[in-house]
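The values are calculated or read from the model by the stated rules, or taken from the named source; none is laboratory data. Just so we're clear, the structure is a prediction, and the values are computed from it rather than from any experiment. Backbone-built Cβ (ideal geometry, glycine too); neighbour counts: all protein chains shown. The protein model used for the area step is the full one, side chains on, heavy atoms only, and it has no ligands, DNA or RNA in it. Shrake-Rupley method; radii C 1.70, N 1.55, O 1.52, S 1.80 Å.
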Amino acid sequence: MNLSHRERVLKAVNHQKPDRVPRDLGGAFTSSIASVAYENLADFLGLDLETRLMRKWARVVHPDEKILRHFDIDTRMVVPRYDEGWNEYWKIAPVENEDAYIDEWGIKWSRPESKMGPYFMTTHPLADIESVDELENFIWPDPEDPARYEGLEEQARRLKNETDYAVIGVFPRPIVSLSQFMRGYEKWFLDFMMNRELLEAIMDIIVETNLRIGKNILDRIGKYIDLAFFHDDLATQQSLMVSPEHYREIIKPRHKKLFDLVKTHSDAKIIYHTDGAVFPILEDFIEIGVDALNPVQTSAQGMDGKALSSSFGDRLCFWGAIESQKVLPTGTPEEVFEEVKRQISDLGKNGNYVLGACHNIQDDVSPENVIAMFEAADRFGIYD
């Protein structure tokens with residue numbers, strides 16, 4: 001076979017063996033590389049590149065085409081704008097005299113004094129409310145702001161018509177993470193047991209806002225994208241954040257609304273990102289339309305790659321998985337080779353695997369290990 005990049009990815013997502021394991025770097029907000037690691041990699045390769053942030057708070061970049069072509073990456077991301085006033089479809093405003101900003105949901109993000117690493121939440125705008133009625137006084141984002149979609153259609157059309165890459169449309173963060181950010185983690189968990197009405201009201205406003213944003217996105221690029229990316233963390237490394245029953249009762253129906261929107265207005269396959277130990281609800285993901293799971297944290301409880309493949313390999317594509325907490329930052333290139341070989345064997349033997357790091361490559365990952373990851377894909381990722 002001599003497949004295009006797009007054909008290769010779509011075969012993997014459709015559980016058909018491509019010619020080789022597809023590769024992702026920068027196809028979404030959670031599969032890219034942090035700015036310091038990126039600049040070190042560019043220097044190591046002798047490339048003089050501009051650093052463009054795709055996600056301000058996490059300090060991850062939109063990789064330059066020279067990097068993507070060097071590693072023969074199969075994916076390309078579509079998201080509007082790259083200026084300082086926007087962050088993954090969110091409008092942001094700098095805080096005077098601070099290395100901080102406030103996004104349009106009212107969340108303040110501040111950077112440590114060291115100026116290293118990501119920004120962290122330092123305010124939760126709904127932390128002190130006690131009733132649903134108080135939500136009426138909050139100023140919510142405007143989904144119809146045309147600046148939100150600036151340049152989106154042009155990007156998608158060019159990638160679809162002038163390249164052979166798999167085009168990924170990235171959608172705003174949905175329900176769980178955003179409601180946690182706005183309410184604060186402690187209040188959010190308490191609400192599950194003590195103030196369910198308020199929690200669900202917050203979630204419903206977020207869902208309605210993102211349905212309108214999502215419809216506006218799809219009106220512009222639905223016919224151009226091959227995959228739609230959603231991200232909403234549901235688990236720690238030890239367990240789900242909530243019980244499977246609470247997930248099915250409260251979160252799942254709201255996720256389904258967003259996924260149904262994509263399925264109704266495009267032919268795109270759905271990539272869903274959640275870290276951690278999500279094995280108990282993978283059947284639920286499949287039921288509501290998830291086609292590919294990212295980042296596949298096989299080091300988390302119950303997420304053994306062979307078990308995932310055995311139980312869900314005929315219905316889910318696995319996307320990511322190369323261990324990014326220990327192997328990539330502290331391992332040798334030889335250990336990275338072994339990790340890639342293992343994950344391809346465990347997750348990709350039937351063709352349904354897209355290789356990438358398990359979440360963004362962080363600043364402490366050496367250029368040698370990034371290169372080793374993709375060189376190992378060259379060596380072990382060829383299908384018979």
Which is of a type in the set (Asp, Glu), outside any helix (DSSP H, G or I), open to solvent by 40 Å² or more (accessible area, probe 1.4 Å) and touching a helix residue (DSSP H, G or I) at 6+ places or on another chain (Cβ under 9 Å), of 164, 204, 219? 164
List, please: which pairs have Cβ atoms under 6 Å, are six or more places apart or on different chains, and start with a residue in region 167-184 that is farther than 22 Å from residue 153 by Cβ and end with one that is small (Gly, Ala, Ser) and open to solvent by 10 Å² or more (accessible area, probe 1.4 Å)? 184/127
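Picking from 283, 338, which residue would you name as being under 18 Å from residue 14 (Cα atoms) and open to solvent by 50 Å² or more (accessible area, probe 1.4 Å)?
On the way: 338 fails: under 18 Å from residue 14 (Cα atoms).
Going through 283, 338 in turn, just one is under 18 Å from residue 14 (Cα atoms) and open to solvent by 50 Å² or more (accessible area, probe 1.4 Å): 283.
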Only unsatisfied item for residue 123, checking (1) free of Cβ contacts under 8 Å to residues at least 60 places away in the same chain; (2) loosely packed, with under 15 Cβ neighbours inside 10 Å; (3) touching a Lys or Arg at 6+ places or on another chain (Cβ under 7 Å), is (2)
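Would a scan of region 250-259 turn up a residue that is assigned to a helix (DSSP H, G or I), within 16 Å of the chain's Cα centre (by Cα), closer than 22 Å to residue 156 by Cα and not aliphatic (A, V, I, L, M)?
Step one: list which residues in region 250-259 are assigned to a helix (DSSP H, G or I), which gives 250-259.
When the remaining residues are screened for being within 16 Å of the chain's Cα centre (by Cα), the result is 255, 258-259.
Keeping just the survivors that are closer than 22 Å to residue 156 by Cα gives 258-259.
Next, from what is left, pick out any that are not aliphatic (A, V, I, L, M): 259.
Yes; the residues of region 250-259 include at least one that is assigned to a helix (DSSP H, G or I), within 16 Å of the chain's Cα centre (by Cα), closer than 22 Å to residue 156 by Cα and not aliphatic (A, V, I, L, M).
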Could you list all residues from region 133-148 that are in a helix (DSSP H, G or I) and either surrounded by 15 or more Cβ atoms within 10 Å (Cβ to Cβ) or under 23 Å from the mean Cα position of the chain (by Cα) (or both)? 135, 147, 148
Close pairs from region 60-79: first in contact (Cβ under 8 Å) with a residue 12 or more places away in the chain, partner among the aromatic types (Phe, Trp, Tyr) and surrounded by fewer than 23 Cβ atoms within 10 Å (Cβ to Cβ), Cβ under 6 Å, at least 6 apart: 71/374; 76/165
What is the number of the single condition among (1) of a type outside the set (Lys, Arg); (2) on the phi > 0 side of the Ramachandran plot; (3) part of a helix (DSSP H, G or I) that residue 359 does not meet? (3)
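In this structure, does residue 320 turn out to be small (Gly, Ala, Ser) and in a loop (DSSP other than H, G, I, E, B)?
The answer is no for residue 320.
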Residues that are outside any helix (DSSP H, G or I), of a type in the set (A, V, I, L, M) and either over 22 Å from the mean Cα position of the chain (by Cα) or surrounded by 13 or more Cβ atoms within 10 Å (Cβ to Cβ) (or both): does region 149-161 have at least one? no
